[in-house]
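*Asks:* One structure, pasted below without further comment.
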Amino acid sequence: MTVSKQKCPNPSKAGKAYPVRLIDDARKELFALNAVNRAAFVSTLDDFEQYSPSHPMVDTEKIEGDLFELKTESSSHWLRGFYFHFKDGLYVVTHLFAKKTNKTPKANRELGTVRYKAFREAMKEQAPQMEQQNR
């Protein structure tokens, strides 16, 4: 499980106060959304990065532990993304999706949680290797 390291073509993203990265699966989910839903979610991510997850313009809810749900909507769907604070001000989105009702399905919540735990476990396994490389 990796966090996409693609450079953003938008230079204004470089200095964001609360940078957000999507794991590869979440990036695929974002691009699978229709254009209207994708634009709405990207706009919400921009607000998150600019203002902070605790700002009134950004609707979030704690799921469990360090995992949170980012909420927004488009003209046709409710949009959700699961994220957590990784380190050094970086936030990672593990799962995102569109739905017709305001209630988050249990399966989506579980998928976001599974990916979060898998990412954390992968980082624990990589930490000793990275430490040895830095010596």
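*Asks:* Give me the pairs, please: first residue somewhere in region 34-61 and more than 17 Å from residue 19 (Cα to Cα) and in contact (Cβ under 8 Å) with a residue 12 or more places away in the chain, second residue anywhere and among the charged types (D, E, K, R) and surrounded by 12 or more Cβ atoms within 10 Å (Cβ to Cβ), beta-carbon distance under 6 Å, and either six or more positions apart or on two chains.
*Replies:* Pairs that qualify, where the first residue is more than 17 Å from residue 19 (Cα to Cα) and in contact (Cβ under 8 Å) with a residue 12 or more places away in the chain and the partner is among the charged types (D, E, K, R) and surrounded by 12 or more Cβ atoms within 10 Å (Cβ to Cβ): there are none.
*Asks:* Now for a separate question. Check off (1) under 16 Å from the mean Cα position of the chain (by Cα); (2) within 17 Å of residue 26 (Cβ to Cβ) for residue 73 and give me the number that stays unchecked.
*Replies:* That leaves (2) as the condition not met.
Read-outs throughout are calculated quantities, based only on the coordinates presented, and are distinct from any laboratory measurement. These numbers were taken from a predicted model, which means no experiment stands behind them. For neighbour counting, all protein chains shown are included, and Cβ atoms are generated from backbone atoms with ideal geometry for every residue, glycine included.
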